[in-house]
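*Asks:* Questions regarding the structure given below will be posed in turn.
The values are calculated or read from the model by the stated rules, or taken from the named source; none is laboratory data. Quick caveat, the model's predicted, so the values are computed rather than measured. Here the Cβ positions follow ideal geometry from the backbone for every residue, glycine too, while neighbour counts run over all protein chains shown. The area values use the complete protein model at the heavy-atom level, side chains included, leaving out ligands, DNA and RNA. Shrake-Rupley method; radii C 1.70, N 1.55, O 1.52, S 1.80 Å.
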Amino acid sequence: MIIPKPGLLVRAPGAFTLGPATTVRASGGVLNAADLLRTLLAPATGLPLAPAASGTATDVVELSLTPSDRAVLGDEGYHLTVTPDAVRLRAARQAGLLHGIQTLRQLLPSEALLDHPVRGTAWRIPCLELTDVPRFGWRGAMLDVARHFQPLPFLLRTVDLLAFHKLNVLHLHLTDDQGWRMPSAAYPLLTEVGGRRARSMLGQAGSERFDDRPHGGSYTVGELRTLVRYAADRGVTVMPEIEMPGHTRAALAAYPHLGNVPGRRLDVWTEWGVCDTILGVHEEVFDFCRTVLDEVLEVFPSPYVHVGGDECPTTEWERSPAARRRAAELGLAAPAQLHGWFLGRIGRHLLERGRRPLAWAEGGDSALPPEFTVMAWRDGEHGLDAARRGHDVVMAPHRSTYLDYPQSDAPDEPLGQADAVVDLRAVHDNEPTPEHWTAAERARVLGTQAQLWSEFVVTPEQADYLTFPRLCALADRAWNPSSDWTTDFLPALRDHGPRLHALGINRTTRSSVPQ
């Protein structure tokens, strides 16, 4: 059994065996998919999977695009047939072929996922016929690299793990109060100053303990472009997030004049929680935001750009003569209403450049401009409110998608973002479109994603512990809503354990499969 659960699978007797003579038939638009298949299988199998000669009918893996199938398969679905003589994988679009390749990897023995040569294993794929189409077009995971920086190899590995589970969006949280990781030629101090903090808080927000160890890091443009290409080759879109107008303490440490208090100097924030220093509303701030976002667009071709937008205390605007004056000039009832106006200007800038603005929403936020797609994180009803206001919605409710929350209430569970437990069952029970929503409201939901905020995630091992197998549960239901916890997911997860181990996720968690 594989994860996510396929839509329609009919097994048949026998198996196809990959061997030294096996060839791959591909042409035109599918050559990249064929190259990926070879890249993924070569380390363990050592098989060349050479291009097939004309007329080859047996011992062949055939990849093909059939645009006429789009009505059935959509942009990401695929059809897979395995017989003793051949493997035939077809899709209407390239993305479907990439998902089908990941299915082939799961159907092979788990040793095929190792990154070193394996001898003595028969590379058998069971005979079957499979038609598989995802439920949602947005199936993602957010990685916060602002609180704790992670280098490029970690991001590439993350892409591989997302693709393996047919997740197609890596939401990269690049900036926050505690660090700025996105390079900027126009504003180099963003990373030179904003990319480093003097220390980090120990414990949850409000703690008075610190580690007194400097922390920093940032990416180069070349590294991020490498990430984008690598992800695209595997069917994953990297969506950047640049926070504004709140969560900008790191930017204000680098360029204090963008704030609300003239002459003030700030450090990069060393605490967790919500910082009350925010961007000002003078024109130089918008010049800064537009310039930085234009640099972001040069690196990330993602159709969506996330601009944060939530947890923005407006105390500084209420105290600022310049902000109060701007609110009065705009005819706003209070400086707090500058928040929607600010995001509206940023959203229009992105729309003019052919991108779609996206922001976190905390519920009841009617000030969020209508052109924004909403990422609803408080709870499902806030997503419903957004859908009723006409927003497209990505569902990310914290009680079922926040992987930085503890996965059990055991006394030795590592410190998490909150005291609430988000266990494996809670993630699998996540329902982005509840039955009580109308058809029109459900149609507004683009999909769902998991979140890994990194206040307490310093090492890859810690990230693995928190992410798996909970991310498997989210991937399963985001792809196939018919997957049942008891009869489908748990048996599949037992089969999936050796695969995760082969991919380097080498520990048992409390959210693992009940025995």
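*Asks:* Checking the condition of a type in the set (Ser, Thr, Tyr) and open to solvent by less than 10 Å² (accessible area, probe 1.4 Å), which residue from Thr433, Thr448 passes?
*Replies:* Thr448
*Asks:* Looking only at segment 151-193, count how many residues are open to solvent by 10 Å² or more (accessible area, probe 1.4 Å), part of a loop (DSSP other than H, G, I, E, B) and farther than 19 Å from Leu358 by Cβ.
*Replies:* 8
*Asks:* Does Ala420 qualify as being modelled with pLDDT under 95, surrounded by fewer than 21 Cβ atoms within 10 Å (Cβ to Cβ) and either out of contact with any Lys or Arg (no Cβ under 6 Å at 6 or more places or on another chain) or in a loop (DSSP other than H, G, I, E, B) (or both)?
*Replies:* yes
For every residue, the table says whether it meets (1) under 21 Å from Asp160 (Cα atoms); (2) among the basic types (Lys, Arg); (3) under 28 Å from the mean Cα position of the chain (by Cα).
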| position | (1), (2), (3) |
| --- | --- |
| Arg25 | no, yes, no |
| Gly28 | no, no, no |
| Ala34 | yes, no, yes |
| Arg105 | yes, yes, yes |
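*Asks:* From Arg229, Arg213, which residue is out of contact with any strand residue (DSSP E or B) (no Cβ under 7 Å at 6 or more places or on another chain), part of a loop (DSSP other than H, G, I, E, B), without any contact (Cβ under 8 Å) to a residue 24 or more places away in the chain and on the phi < 0 side of the Ramachandran plot?
*Replies:* Arg213
*Asks:* Shifting gears a bit: Here are some conditions: (1) open to solvent by 30 Å² or more (accessible area, probe 1.4 Å); (2) part of a helix (DSSP H, G or I); (3) in contact with a strand residue (DSSP E or B) (Cβ under 8 Å, 6 or more places away or on another chain); (4) in contact (Cβ under 8 Å) with a residue 40 or more places away in the chain. Leu37 meets all but one. Which one does it not meet?
*Replies:* Of the numbered conditions (1) open to solvent by 30 Å² or more (accessible area, probe 1.4 Å); (2) part of a helix (DSSP H, G or I); (3) in contact with a strand residue (DSSP E or B) (Cβ under 8 Å, 6 or more places away or on another chain); (4) in contact (Cβ under 8 Å) with a residue 40 or more places away in the chain, the odd one out for Leu37 is (1).
*Asks:* Given (1) at pLDDT below 95; (2) touching a Ser or Thr at 6+ places or on another chain (Cβ under 6 Å); (3) of a type in the set (A, V, I, L, M), identify the lone condition not met by Ala450.
*Replies:* It is condition (1) that Ala450 fails.
*Asks:* Continuing with this model, one more query. Yes or no: Arg389 of a type in the set (Lys, Arg), farther than 30 Å from Leu202 by Cβ and either touching a residue at least 24 places away in the same chain (Cβ under 8 Å) or surrounded by 17 or more Cβ atoms within 10 Å (Cβ to Cβ) (or both)?
*Replies:* Here the answer is no, as Arg389 does not meet what is asked.
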